């Protein structure tokens, strides 16, 4: 079944929500344990049987990202497609630029998602329901204890609203809660067509979507910028337009030409991951810290690799007092150090008599000996 789909990973985002740690470096290379952030969704695709993956990156970041991934154990054939870095490029804009490379139905994945969800369930639902699009929703992973390093600020979880048929998981409405501060109205035909549906909030959009090829083709004739913010709501509304007028895509119908011209009835669904599934999007400083705090405990389930892989083979660890800590390439940790629940980046040096706890060291950090 995997061979029926292409996979596209979006890695051209600039990470504007945490400039404190990026400093114009690629967001997708942020360290989560000893691996770059983008490695996790790529590893997920490899574990599910994908062989070829398209990765969309900024033109000026391609070489750095490619070099970093070549030093990992990934066996994927990665085609890097570049977009200009002159301004922020939306996900739909980026997909539009590579639309000619899409030959089949496609799995769209953000570079900032880490999850243990079984993608085969998502693809199976897509095929069984002959869906136009299936969007993965997840229960929010509980936040880790303790304060977040850096500037003190209150993080507000951005909630989305999804109206979903309770029996079929058909998606009939979606929007951001911030757009409906004083409540929202559902159109009368929604209530007539779907006597029972649930309005869900507090769920995380995993930014993993399976879509029909014709949806990608739509981008060629529509100036849509964002997949989540514009393309998906557009497709959901299109679906409801068809149902309202009972359209069946008859090519001779004038009504049909005004509302939908694709060769299949539009059907949008959600796939809700089990509450036990781990899922976290690293798109804020808080979630970056949380991911590094939790990666030691979830690494085996999200990567299908032993936890020992969190200590890279090229590092030199001489300390005997180290617990739940990850160590990057070429890093040296001297004896008589105590390190607990921390992430050590690549090419770091930690000298004797240093104590670290609940910390994240980026690459090339040196901590001198405590006297």
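The values are calculated or read from the model by the stated rules, or taken from the named source; none is laboratory data. Just so you know, these numbers come straight off a predicted model, no measurement behind them. Note that each Cβ is placed from the backbone with ideal geometry, even for glycine, and that neighbours are counted across all protein chains shown.
Summary table below
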read-out	value
Residue match in the range 74-85 (condition: in a strand (DSSP E or B), out of contact with any helix residue (DSSP H, G or I) (no Cβ under 9 Å at 6 or more places or on another chain) and within 29 Å of residue 34 (Cβ to Cβ))	yes
Residue within the range 36-59 that is without any contact (Cβ under 8 Å) to a residue 24 or more places away in the chain and not in a strand (DSSP E or B) present	no
Checking residue 277 against (1) closer than 27 Å to residue 20 by Cβ; (2) at pLDDT 95 or above; (3) assigned by TED's automatic domain parsing to the domain that holds residue 39, the condition it does not meet	(1)
Residue ID - farthest from residue 314 (Cα to Cα), chosen from residues in the range 333-358 that are touching a residue at least 40 places away in the same chain (Cβ under 8 Å) and outside any strand (DSSP E or B)	358
Test result for residue 99, out of contact with any strand residue (DSSP E or B) (no Cβ under 9 Å at 6 or more places or on another chain) and at pLDDT 95 or above	yes
Matching residues in the range 1-49 - criterion: being in contact with a strand residue (DSSP E or B) (Cβ under 6 Å, 6 or more places away or on another chain) and over 20 Å from residue 210 (Cα atoms)	28, 29, 33, 34
Residue 15 being in contact (Cβ under 8 Å) with a residue 12 or more places away in the chain, more than 25 Å from residue 222 (Cβ to Cβ) and either crowded, with 17+ Cβ neighbours inside 10 Å or touching a helix residue (DSSP H, G or I) at 6+ places or on another chain (Cβ under 6 Å) (or both)	yes
Residue within the range 314-332 that is assigned to a helix (DSSP H, G or I) and either in contact with a strand residue (DSSP E or B) (Cβ under 6 Å, 6 or more places away or on another chain) or on the phi < 0 side of the Ramachandran plot (or both) present	no
